[in-house]
Amino acid sequence: EEENIYIHILLDVSSSMNFGNPSKLEYAKKIAVAFGYIGLADLDMVVLTTFSETLNGLRPLRGKDRIFKILNFLNNFSISDEKRKSLIDECLKKYAIKTPYRGVAIVISDFLVAQNVYENGLKALLDKGFDVKVIQVLSDDEIDPNLTGELKLQDAETDETKEVTITDRLLERYKRRLDAFCLNLKNFCDKNNIAYVKVSTDYPYQDFILKETRRQRMLL
């Protein structure tokens with residue numbers, strides 16, 4: 001057991017991940033499968049866990065043929081109509097405490113929560129000795145929304161609604177705040193020696209795996 005390398009893939013399945021076409025979740029699933037296969041092909045131990053308000057996952061897997069367990073697990077999972085909040089802090093803390101084998105922890109999420117929430121979750125993994133990697137998945141419609149006029153916006157995780165008037169000025173303000181939010185996440189990762197990469201769902205995931213993950217030290 002001491003010689004085994006463990007790769008922990010932690011996938012956010014909260015309701016906000018259901019946004020976009022393709023959805024952030026579908027895109028993130030492909031990333032999770034790719035990393036899972038890479039680990040299994042290298043004969044590492046791969047652990048796949050989903051999180052939202054609770055944790056759910058597979059037992060440690062080893063060997064290339066075990067990729068079908070990962071595929072079946074993810075293919076049979078979809079976000080239901082029931083709203084799921086992203087309790088990333090509580091879930092990652094619980095995972096850090098209950099997991100006996102340390103290793104690489106790849107967290108795949110949109111990270112659209114308060115800054116202290118994701119920081120507390122990632123710090124919990126770091127404090128327990130995990131080598132943490134962060135992949136932030138955003139929809140192109142979030143990065144560059146094509147909206148205008150009078151709209152009613154609905155929160156994906158709480159159903160809270162708000163009426164807004166979309167103007168060019170408001171869109172520019174939104175983009176600046178999103179850029180600042182993502183930069184804060186990147187700065188936190190840099191400060192704590194966490195490999196970080198942001199990806200849009202309109203970027204071919206094959207290119208992301210082969211190019212961006214190598215550039216950002218994601219591949220093992």
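Against the criterion of solvent-accessible heavy-atom surface with a 1.4 angstrom probe, Y174, Y27 sort, most first, into Y174, Y27. DSSP finds beta bridges in the chain, and of those with both partners inside it, around 30 percent are antiparallel. For K133, the amide hydrogen comes within under 5 Å of the amide hydrogens of A105, I106, V107, counting only partners 5 or more places away or on other chains and with H modelled in the peptide plane.
The heavy atoms of R62 present about 120 square angstrom of accessible area, all protein chains included, probe 1.4 Å. Accessible surface comparison of L210, L10, probe 1.4 Å, protein chains only, largest first: the order is L210, L10. For helix 88-98, what angle does its Cα long axis make with the longest principal axis of the chain, in degrees from 0 to 90 and rounded to 10? Its long axis makes an angle of about 10 degrees.
Distance between the C-alpha centres of segment 1-79 and segment 125-142: 14 Å, rounded to the whole angstrom.
In percent, how large is the relative contact order of the chain, given Cα pairs closer than 8 Å and 6 or more residues apart? Please report the intermediate quantities before stating the final value.
On the way: 354 pairs, mean separation 47.4, N = 220.
Computed value for the chain: 22 percent relative contact order.
Rounded to the nearest 10 square angstrom, E53 shows an accessible area of 80 square angstrom against a 1.4 Å probe. For segment 27-131, the ratio of Cα radius of gyration to the globular rule of thumb 2.2 N^0.38 Å stands at 1.08.
Compactness of the chain is given as radius of gyration and Dmax, 17.5, 59 Å, from Cα positions. Measure nothing but the geometry: give the 0 to 90° angle between the long axis through the Cα atoms of 24-41 and the longest principal axis through the Cα atoms of the chain, rounded to 10°. Rounded to the nearest ten degrees, it is 20. Keeping all protein chains in the complex and leaving out DNA, RNA and ligands, what accessible area do you get for F35 with a 1.4 Å probe, in Å² to the nearest 10? Taking all protein chains as shown, F35 has close to 10 Å². Against the chain, whose longest principal axis is taken from its Cα atoms, helix 115-127 shows a tilt of about 10°.
Largest first, what is the accessible-area ranking of D207, D190, D89 with a 1.4 Å probe?
D190, D207, D89
The values are calculated or read from the model by the stated rules, or taken from the named source; none is laboratory data. Keep in mind the model is a prediction, meaning the values are calculated, not measured. Only protein heavy atoms, including side chains, enter the accessible area calculation; ligands, DNA and RNA are left aside. Shrake-Rupley method; radii C 1.70, N 1.55, O 1.52, S 1.80 Å.
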